[in-house]
Amino acid sequence: MREIIARLREMEAEDDVLAASLLLGFPWADTAENGVTALVVTKDNQAKADAYAREIAGEFEARKESFGFSSPAYEAEKALELALGEDVKPVFVSDSGDNPTAGSTGDNTTVIRLLSTDLKDRCKGKKILVAGIYDPIALKKLRDNMYREVELSVGGVYDTEYCSPCLLKGKAVRHVENFGVFASEIILFETESFELIITSKHIGFTGVAMFEALGLDYMNMDVIVVKLGYLTPDFKEIAAKSYLALSRGCTDEVLSRLNYRHRYKLI
């Protein structure tokens, strides 16, 4: 991408080129308008604009198979296994298939299901925080039963294509009202294998403010799972190591798995 951007800057250095851009679009919206677009604006030179736009589009087409992830990326189970095996902390895992800030449901249960079943034994002796899951129904039940052991159905309400509700046992140990700009309730639900943040509103899990509001000693967590497709500056600053979990969900990062109906064309 750096080489393509360098070429865009070369074009813009010419007196009659006002702007040259490669717009990567939004791949989880299957519409023609959200595809990759090369856009060149000139001072009344349509032929040059067309030629330069085709050049940039062709360059991207030729290179697209070589684009990859900027951090180690694995299927969800493998990413969690690797994180649980590290001897540094905190290790961050991005649950990238369910990123609310990119428009996902925020209630995909892939990670909590793995941690409470297949990887349960690997969790022993580890402090694990999952941030988090959007489930106002589960939150209300916990709010009404603070500090009591309950069996709780969590998630899988909105995302019914890639996951199903997950049954967990545990207790709510902390409750915060009016968190953040959306005034969400947040609850810390403690299970045998991990701690789970549950929210009453569809919000992002983007910074340590949520952890601080719940009084969490997050720097002593072995593994912190966040529903993001990347790490925010807040999390990059404190992460000893990080992995991208290529979970299936509404914001699946493996674009080749998406069933596109609208294909862009090089014109």
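Within region 12-31, which residues are touching a strand residue (DSSP E or B) at 6+ places or on another chain (Cβ under 8 Å) and either outside any loop (DSSP other than H, G, I, E, B) or at pLDDT below 95 (or both)? Spell out the reasoning first.
Step one: list which residues in region 12-31 are touching a strand residue (DSSP E or B) at 6+ places or on another chain (Cβ under 8 Å), which gives 12, 16-23, 25.
Within region 12-31, Glu12, Val17, Leu18, Ala19, Ala20, Ser21, Leu22, Leu23, Gly25 meet the criteria.
Is one or more of the residues making up region 178-187 crowded, with 22+ Cβ neighbours inside 10 Å, of a type in the set (Asp, Glu) and in contact (Cβ under 8 Å) with a residue 12 or more places away in the chain? Quick ask: steps written out before the conclusion?
Of the residues in region 178-187, the ones crowded, with 22+ Cβ neighbours inside 10 Å are 186-187.
Imposing the further condition that a residue be of a type in the set (Asp, Glu) reduces the set to none.
Among the residues of region 178-187, not one is crowded, with 22+ Cβ neighbours inside 10 Å, of a type in the set (Asp, Glu) and in contact (Cβ under 8 Å) with a residue 12 or more places away in the chain, which makes the answer no.
Can Tyr162 be described as over 22 Å from Tyr218 (Cα atoms), in contact with a Ser or Thr (Cβ under 6 Å, 6 or more places away or on another chain), of a type in the set (Ser, Thr, Tyr) and not in a strand (DSSP E or B)? I'd like the intermediate steps shown before the answer.
Numbers: over 22 Å from Tyr218 (Cα atoms): yes; in contact with a Ser or Thr (Cβ under 6 Å, 6 or more places away or on another chain): no; of a type in the set (Ser, Thr, Tyr): yes; not in a strand (DSSP E or B): yes.
No.
For residues that are within 17 Å of Pro100 (Cβ to Cβ) and either touching a helix residue (DSSP H, G or I) at 6+ places or on another chain (Cβ under 6 Å) or not assigned by TED's automatic domain parsing to the domain that holds Ser104 (or both), tally how many sit in region 152-164.
Residues in region 152-164 being within 17 Å of Pro100 (Cβ to Cβ) and either touching a helix residue (DSSP H, G or I) at 6+ places or on another chain (Cβ under 6 Å) or not assigned by TED's automatic domain parsing to the domain that holds Ser104 (or both): 2 in total.
Name the residues in region 230-266 that are closer than 18 Å to Val111 by Cβ, touching a helix residue (DSSP H, G or I) at 6+ places or on another chain (Cβ under 6 Å) and among the hydrophobic types (A, V, I, L, M, F, W, C), would you?
Leu244, Ala245
Check off (1) of a type in the set (D, E, K, R); (2) assigned to a loop (DSSP other than H, G, I, E, B); (3) in the same structural domain as Thr101 (by TED's automatic domain parsing) for Arg263 and give me the number that stays unchecked.
Of the numbered conditions (1) of a type in the set (D, E, K, R); (2) assigned to a loop (DSSP other than H, G, I, E, B); (3) in the same structural domain as Thr101 (by TED's automatic domain parsing), the odd one out for Arg263 is (3).
Mind listing whichever residues of region 20-40 are among the hydrophobic types (A, V, I, L, M, F, W, C) and closer than 29 Å to Thr101 by Cα? First the steps, then the outcome.
Let us first name the residues in region 20-40 that are among the hydrophobic types (A, V, I, L, M, F, W, C), namely 20, 22-24, 26, 28-29, 32, 36, 38-40.
Within region 20-40, Ala20, Leu22, Leu23, Leu24, Phe26, Trp28, Ala29, Ala32, Val36, Ala38, Leu39 meet the criteria.
Are any residues in region 72-93 under 12 Å from Leu114 (Cβ atoms) and touching a Lys or Arg at 6+ places or on another chain (Cβ under 6 Å), and if so, which ones? Outline the logic, then answer.
Of region 72-93, the ones under 12 Å from Leu114 (Cβ atoms) are 75-81, 83-84, 93.
Matches in region 72-93: Leu84 only.
Mind listing whichever residues of region 133-175 are closer than 20 Å to Ile203 by Cα and among the β-branched types (Val, Ile, Thr)?
Residues satisfying the conditions are Ile133, Ile137, Val154, Val157, Thr160.
Do any strands (runs of 3 or more DSSP E) entirely within region 32-151 hold 1 or more residues that are outside the structural domain of Pro233 (by TED's automatic domain parsing) and aliphatic (A, V, I, L, M), and if so, which?
Working: elements: 37-42, 91-95, 128-134.
Of the strands (runs of 3 or more DSSP E) lying wholly inside region 32-151, those with at least 1 residues that are outside the structural domain of Pro233 (by TED's automatic domain parsing) and aliphatic (A, V, I, L, M) span 37-42.
The values are calculated or read from the model by the stated rules, or taken from the named source; none is laboratory data. Just so it is clear, the model here is predicted, and its values are computed rather than measured. Glycine gets a Cβ as well: all are built from the backbone with ideal geometry, and neighbour counts include every protein chain shown.
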